[in-house]
Amino acid sequence: MYRYKKLLVELKLNDLDSALIQYAGRVSRMAASSEINFVYISDSFDIPDEIKRLYPEISEPVDETAVRQMKERVEEHFAGHPDTRLTFEAVEGQMPAALISRVGKADIDLLIIGKVFDARFEDANLPEKIARKTPCSVLILPKNTSPDLSSVLVAVNFSEQCKNALDVGSAFAKAAGLEWLNLVSVCQVPTTYKKTGKSYAEFGKIMINDAKVKLRRFIPTADLKGLKISPSYAISRDVVKGIKRFADKQGARLVVIGARGRKGNLAAILLGSVTEGLIRTLEKPLLAVKQKGEGVGFFEALSSL
């Protein structure tokens, strides 16, 4: 858990906050985090003069009210490491640019945000946009999430980003006192498999055997923190759906996946299609692991929003 010394938690001052605060406390205990920044972002803190005249009881500045409410919620729900320093800030600005700017300026290691699975919610796609641009790992928590780490699942694809995900997933599992780390490799059968004369099922077995060989070669290159691994393999026409099905079947409490960056491209910092698909659809805690600072700098990222 050495990576996650400085955390930033975006609060909404709604019923999502308690889960984020509790999870942040759990991470801070496991990582002995030095600092957690709690931030509330609004596009405007202005109250029209006429409203102030009609309702003088709301004359307290909006940013001060937001900070006070954050402190009250954190006091109620936070149980973190005793040496973790807590800061609170209300920021005026547009999402997601304002949040990404705070991440960069504060040199954050892990950003914790909430997600609402409701197409009618105007910010439903914000987690994907934030994760794509943020130059650090992002932990995305659905509503009513508990900081339960009794089962950690890492989705593996044998890439360099997968090594980072295994490193972090192992650290979470180890810090949570687990002995086993669950891995899943979801394979796709090539659309041209019929040219080989084999059936879909037969070529699926070939793909799984290939994944098993790759995993045997891959594991010695990863830092598993002394944990035992429980690997599983699946065939799916849709990798995202395959990972989701396995996570549900296995009862995973946290899914960890690597995210990749692309240097020199101001249009986007790519997470990878599987990672983006999981951010959009997985109704479980999801940790998208980035090597800190990967991709373009955050000021460059902001310029392309």
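The values are calculated or read from the model by the stated rules, or taken from the named source; none is laboratory data. This is a predicted model, so every value here is computed, not measured. FYI the Cβ positions are ideal-geometry reconstructions off the backbone, even for glycines, and counts take in every protein chain you see.
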Given (1) closer than 27 Å to Ser150 by Cα; (2) assigned to a helix (DSSP H, G or I), index of the condition Glu202 fails
(1)
Of the residues that make up segment 295-304, is at least one part of a loop (DSSP other than H, G, I, E, B), modelled with pLDDT of 95 or more and not aromatic (Phe, Trp, Tyr)?
no
Listed by first then second residue, the pairs whose first member lies in segment 198-217 and is closer than 18 Å to Val239 by Cβ, whose partner is in a helix (DSSP H, G or I) and among the β-branched types (Val, Ile, Thr), with beta carbons under 7 Å and at least 6 positions apart or on separate chains, are Phe203/Thr196
Identity of the residue in segment 139-175, part of a loop (DSSP other than H, G, I, E, B) and among the hydrophobic types (A, V, I, L, M, F, W, C), that ends up modelled with the lowest pLDDT
Phe158
Meets criteria (surrounded by 13 or more Cβ atoms within 10 Å (Cβ to Cβ) and over 27 Å from Ala106 (Cα atoms)) for Leu126:
no
For segment 161-215, name all the residues that are under 19 Å from Lys241 (Cα atoms), loosely packed, with under 12 Cβ neighbours inside 10 Å and polar (S, T, N, Q).
Thr191
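Rundown of residues vs (1) modelled with pLDDT under 95; (2) part of a helix (DSSP H, G or I); (3) closer than 19 Å to Asp167 by Cα, yes/no style:
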{"position": "Lys194", "(1), (2), (3)": "yes, yes, no"}
{"position": "Lys198", "(1), (2), (3)": "yes, no, no"}
{"position": "Asn209", "(1), (2), (3)": "no, yes, no"}
{"position": "Ile219", "(1), (2), (3)": "yes, yes, yes"}
{"position": "Gly226", "(1), (2), (3)": "yes, no, yes"}
